[in-house]
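To start, the structure itself, in C-alpha cells.
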Amino acid sequence: MLTLCASPGACSQISIIMLEKAQANYALRAVHLAKGEHKTADYLSVNPKGKVPALLTGNTVITETPAILLFLNGQFADAGILPAHVTNVEAVSDLAWFASFVHPLITRYCKPDLLGVTNDVDAVKHVAASQLRSAYQTAEKRLKASPYWYGDDWSAADAYLFWTVNRLKRAGFDFSEFEYVIQHYQQMLASPVIKRALLKEKAL
C-alpha cells in the first residue's frame, strides 16, 4: 500500500487529489508543517529534504510533487493522471512550471517574512503578487481555449492549478480579473474527487 506524508493546506494536497482520482489503496501520514514535524529526526529519516509530500511505495520514497504525479501516472495508466495525448516532456514542462515558478511565488505572497533578505515584507508580497498575476494571465489564456489544462478532462496540471488558487484565496489574493481561472476553480471544487480529497486532508 502507498503512504503519502502530507500536511493540511500544503502542496501535498495535489497528490491526495490524484490518489483519490486513481482510486488508489493508500494511507495518509500527517506531517504538520505548522508544528515543525517536518524537522523531526523521525521524519527526516523518511525524507531528508524535510518537505512534504513524500510518497512511500514500499520499495522507495518519492519526493517532489511532479515526480510523485509522474509515478502515479505510470502506476495508474487508466486513471487520467495525465491525458494519453500529452507527452512526458510536455507534462514535465507544465508541472515544473507550477513547482518551480508559481509555487515559490505563493510562498513569498503568503509568508513574505520567510524570505529573510529584507524587513520590508510588504515589498516582497507586492512583487510576488505582480509575478503571480503574470502567471495567472498565462493560465487564463489557456483556460479560455478549453475548460481544463489539456482539454475537456481534468488531470494533474488542473489539480496543481486548483491548489494554487485554493491556497491564495485563503490568503486574500485578488482573482477578480481572472474569469476563466475562477471558473476552473469552481468546476474543480464541485468534483466528488476533490471533495473526498479535501475531507481526507482536513482529517489529518
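The values are calculated or read from the model by the stated rules, or taken from the named source; none is laboratory data. Everything numeric here is computed off the predicted structure, so don't read it as measured data. Please note: Cβ atoms are built from the backbone with ideal geometry, for glycine as well, and neighbour counts cover all protein chains shown.
Contact list please: Cβ distance under 8 Å, first residue in region 48-74 and surrounded by 24 or more Cβ atoms within 10 Å (Cβ to Cβ), second residue among the polar types (S, T, N, Q) and assigned to a loop (DSSP other than H, G, I, E, B), pairs at least six apart or on different chains.
Cβ pairs passing all conditions: Val52/Ser7; Ala54/Asn47.
Given the structure, is Ser45 hydroxyl-bearing (Ser, Thr, Tyr) and exposed (fewer than 13 other Cβ atoms within 10 Å of the Cβ)?
yes
Restricting to region 44-65, give me the number of residues that are small (Gly, Ala, Ser) and either in the same structural domain as Ser155 (by TED's automatic domain parsing) or touching a strand residue (DSSP E or B) at 6+ places or on another chain (Cβ under 7 Å) (or both).
Matching residues across region 44-65 total 1.
Within region 93-102, is even one residue over 24 Å from Ser7 (Cβ atoms) and surrounded by fewer than 19 Cβ atoms within 10 Å (Cβ to Cβ)?
Checked against the condition, which is being over 24 Å from Ser7 (Cβ atoms) and surrounded by fewer than 19 Cβ atoms within 10 Å (Cβ to Cβ), region 93-102 yields at least one hit.
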